[in-house]
Amino acid sequence: MAGFRALAEQVRNPRLVAAQRRTALRKCLERFAPYGHRATWHHLCTRSGIATQDRDPDPERLLAALAELEEARALWLAYEAEFAARRRREKHDGIRQPSAIDDWHRRTWGGCDIVPCAAPHLHPAARLAVVLRSMITAMESGRPRRDCPVCGGDRFNRLTGTGGCPAAGPVCGDCGVVVPATVLAREALTAAGPGGDEAGAGRLPAYAAA
């Protein structure tokens, strides 16, 4: 099975027809899809001007979509490397208690559903890398907030799920992302409606609380 880089090279390959390059881009989302597969595809198509069902898109638009996806993936890989290095230091110092950010990272390992969207057609308008950086910054700050860390909206709804599904929790009513409960203040969680995530509200990462 081809990896992300090999598939990206297929998207860039001018010897392939547009349909083949489009298929390669869709397969890239099986390896890295920050909003989930369908929402990430809709986001990339919207920003690059590709109709989601177009089987013969303009190759230049495919390249634009790939460039945005690769930018976000590079940011995420750098974050994962920094995270792994920090956890090694913490374990060396005897800090082994999992924190809120540890749990979030475990759920998002591999790069899929990092910032899941409750609906495929509702997602942030900003570039993927900008959104990822905003969420990473919010998680690492350890400061519960009343607004969405992605768009600043203050309207939240509750989306229920089972088995730790990443698309369960408070949903921003403006940009559509599912916000980790640990990022939000208790007032925001209460306003979102009843659910089981309030227990983690305001819980600081171990390194932020130290």
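The values are calculated or read from the model by the stated rules, or taken from the named source; none is laboratory data. This is a predicted model, so every value here is computed, not measured. Quick reminder, even Gly has a Cβ in these numbers, built from the backbone with ideal geometry, and neighbours come from all protein chains shown. Calculation scope for accessible area: heavy atoms of the full protein, side chains included, ligands and nucleic acids excluded. Shrake-Rupley method; radii C 1.70, N 1.55, O 1.52, S 1.80 Å.
Summary of computed values
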{"quantity": "Selected residue (only one of Cys175, Cys151 is of a type outside the set (Lys, Arg), open to solvent by less than 20 Å² (accessible area, probe 1.4 Å) and at pLDDT 95 or above)", "calculated": "Cys175"}
{"quantity": "Odd one out for Ala126 among (1) part of a helix (DSSP H, G or I); (2) at pLDDT 95 or above; (3) surrounded by fewer than 17 Cβ atoms within 10 Å (Cβ to Cβ)", "calculated": "(1)"}
{"quantity": "Boolean, Ala192 is touching a Gly at 6+ places or on another chain (Cβ under 9 Å), at pLDDT below 90, of a type in the set (Gly, Ala, Ser) and farther than 16 Å from Ala138 by Cβ", "calculated": "yes"}
{"quantity": "Residue among Ala85, Ala51, Ala24 that alone is in a loop (DSSP other than H, G, I, E, B) and more than 20 Å from the chain's Cα centre (by Cα)", "calculated": "Ala51"}
{"quantity": "Qualifying residues in the range 95-118 (those that are in a loop (DSSP other than H, G, I, E, B), within 20 Å of Gly142 (Cα to Cα) and at pLDDT below 85) - the one least open to solvent (accessible area, probe 1.4 Å)", "calculated": "Ser99"}
